[in-house]
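Worksheet: the structure to be examined is printed underneath.
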Amino acid sequence: MKLTSKSVALFPIIATVVTAAIGATLIAAPVANAATTLGAAAQQSGRYFGTAVAANKLGDSTYVGILNREFDMVTAENEMKMDATEPNQGQFSYGNADRIVNQARNQGKRVRGHALAWHSQQPGWMQNMSGTALRNAMLNHVTQVATYYRGKIYAWDVVNEAFADGSGGGRRDSNLQRTGNDWIEAAFRAARAADSGAKLCYNDYNTDDWSHAKTQGVYRMVQDFKSRGVPIDCVGFQSHFNSNSPVPSNYQTTLQNFANLGVDVQITELDIEGSGSSQAQNYQRVTQACLAVARCTGITVWGIRDTDSWRASGTPLLFDGSGNKKAAYNSTLDALNAGGGPGPTTTTTTTTTTTTSNGPGPGGCTATVSLNQWNEGFVATIKVTAGSSALSGWTVTTTLSNATVTGSWSANRSGTSGTVNWTNVDYNGNVPAGGSTEFGFQGSGNGSGLNPSCAAR
């Protein structure tokens, strides 16, 4: 995380963490036959313990030694963000991100993808876009990057930091938000269509305190998404703490309340400024809170050594600048070894992909459907491709014999079951000759036999 990305939300860096407000905490006694690394200790309860990694530090032997020994999940610090992966529109660059992904996978570690869509760290070409052009560019970015890494990513931060600070609890004003309030939903649906195997997360900061309006705003969005079948699997809590923004007393309550919505919760960017026993106690409290929530699947600290941190002067991490373990490391390891509530439950989903299409007529269009089916439902992504002439509008007809549409994006529809007609929306009706556009929908039941047909309007 670059310092500028949180400058509006984080308070001045103060090295001493105040713990009086959160009560005294006893450091857990070491457990007999305990694991000796963070990753191994977390695995005992079915969780992970990860870190953010910078590609330019992979030549540092001390850094890589700690990374390989201690952590079992890796997040790219900046290398998978929008400005890094699509520096020029339509031209994708994965070199530095691949270095991190390959390093992790070669060591048997999993990878969290961070982040597909964000108002910050956009490439210059995207910063100058708006409206339909920006929406389509964002969806293409999500689709291309998630498709490129399909099968290699445990979980994606699909959308990052979309809610505003302050008392309102509403959305942040951004160029993406101004494309329409459904942009977050559209990004999640595009990510699911691109990679049905990865967990899809919403990630934000200053959402740790259950009483805060921002926390409630994110909660309402997740609740709405779950009720309408929008594909969201997890919520990430960045959890950047210091003395002016300490670990809240209701932190565990926040994690549990989100988990109760039917999503996993993950601590995604943890750092706690301070030193000595006060810092150690705060790290212990956060770790214990995760262990107490069955659907808290893991913890990621945002960096390895204090000198690697974007908040280095606050010495917020588990290793000092020389790579030595701090008191906070010991308290965290002891808490992981002491364990907590039952580990996260795992559900098995069988996913199959089928593709069918009709043939285009002269000057007409082709409709091709890619179907991701599991036990309870499916996601269908339909590509409309123009024939020898450009389209100024299109209609696609599908047949849902044993299924019901629960949600859709980038198209208007005539119903929810049986014969359903889909027509373009304002931003995807004009398709050049030989070009294509996509829409999609999620449904319950069996989505086979859609048999799409396309007609120009």
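Using the Cβ-Cβ distance between T147 and Q91 with R0 set to 22 Å, the FRET efficiency from 1/(1 + (r/R0)^6) comes to roughly 0.90. Heavy-atom accessible surface of the range 198-301, averaged per residue, reaches 24 Å², computed with a 1.4 Å probe.
Taking one quarter of the surface of the convex hull spanned by the alpha-carbon atoms of the range 243-306 gives a direction-averaged projected area of 4.5 nm². Near R305, once Lys and Arg are set to +1 and Asp and Glu to -1 for all other residues with Cβ below 12 Å from its Cβ, the sum equals -3. Between N140 and S174, what FRET efficiency comes out of the Förster formula 1/(1 + (r/R0)^6) with R0 = 22 Å and r the beta carbon distance, rounded to 0.05? Result of the calculation: an efficiency of 0.75.
Set against the 2.2 N^0.38 Å expectation for a compact globular protein, the range 66-197 has a Cα radius of gyration ratio of 1.08. When a 1.4 Å probe is rolled over the protein heavy atoms, the share of accessible surface on the range 26-125 that falls to carbon and sulfur comes to 45 percent. All alpha carbon pair distances within the range 153-249 were sorted into 10 Å bins beginning at 0; the resulting P(r) in whole percents reads 15, 47, 30, 7, 0. Estimated from the Cβ-Cβ distance and a Förster radius of 35 angstrom, the FRET efficiency linking N446 and S313 is about 0.05. Paramagnetic label reach from V425 (point 7 Å along Cα→Cβ; backbone nitrogen cut-off under 18 Å): within the range 437-452, residues 437-443. Projected label points at A390 and N402, each 7 Å from Cα along the beta carbon direction, are separated by 4.4 nanometres. The length gained by stretching the chain between A455 and N244 to full extension, at 0.36 nm per residue less their Cα-Cα distance, is 69.9 nm. Once each part is reduced to its C-alpha centroid, what is the distance from the range 115-174 to the range 202-240 in angstrom? Spelled out, the Cα-based centre of one part sits 16 Å from the other. Fully extending the segment from S277 to R99 would add 60.5 nm, taking 0.36 nm per residue of separation and subtracting the current Cα-Cα distance.
The values are calculated or read from the model by the stated rules, or taken from the named source; none is laboratory data. Since we're looking at a predicted model, the values are computed, not measured. Cβ atoms come from the backbone with ideal geometry, glycine included; neighbour counts cover every protein chain shown. Just the protein is used for accessible areas: all its heavy atoms, side chains included, with ligands, DNA and RNA removed. Shrake-Rupley method; radii C 1.70, N 1.55, O 1.52, S 1.80 Å.
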